[in-house]
Amino acid sequence: MASGILRKHQTPDINRRKESEPAMNMTRMMKFAATAALSLALAAPALAADDARARELINSLGCKGCHQLAGEGGTLGAAFEGVGTRLKEKDIREQLVNPKGKNPKTMMPAFADLPEKDLKVLVDYLQSLQ
């Protein structure tokens, strides 16, 4: 295809690269993939530790007396599975800190005195339950 004129029965090849263009830069792609994998690997232990702490808090605070988690627990309150789909992060936090705010007749205790770090771990964990 010389000088951009198509001859009879010729179609432009839009997927064909010009000879002057380099092939996809594999080195750059590999660096990006390695960086992403390293970031995930470094974050995974922290996330696992936070999830373990959240489950520990759920057990020690007695949440499973009313709520189910992984098929274990009571049925008086809503199951934790899917709570991240049903409620936004701020709503989960508000429910933990001030449960009577939305339902004055609830039996759920307030966890306003919970250390901020533990409250954040719980909120993040519950939000992740999609």
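In this structure, the amide hydrogen of Leu129, modeled 1.01 Å from its nitrogen in the peptide plane, lies closer than 5 angstrom to those of Gly84, counting only residues at least 5 positions away or on a different chain. A simple spin-label model places the labels of Ala112 and Ser128 2.9 nm from each other, with each point 7 Å out along Cα-to-Cβ.
In region 46-128, Cα pairs under 8 Å separated by at least six residues give a relative contact order of 30 percent.
For every other residue with a beta carbon closer than 12 angstrom to the beta carbon of Glu94, add +1 if it is Lys or Arg and -1 if Asp or Glu, then tell me the sum. It would help to have the intermediate numbers written out before the result.
Values: positive: Lys88, Lys90, Arg93, Lys100, Lys102; negative: Glu89, Asp91.
Neighbourhood net charge equals +3.
Summing Lys and Arg as +1 and Asp and Glu as -1 over all other residues whose Cβ lies under 15 Å from the Cβ of Val121 gives a net charge of -2.
Read-outs throughout are calculated quantities, based only on the coordinates presented, and are distinct from any laboratory measurement. Bear in mind the structure is a predicted one, so any value in this text is a computation, not a measurement. A quick note on method: Cβ atoms are made from the backbone with ideal geometry, for glycine too, and the neighbour counts reach across all protein chains shown.
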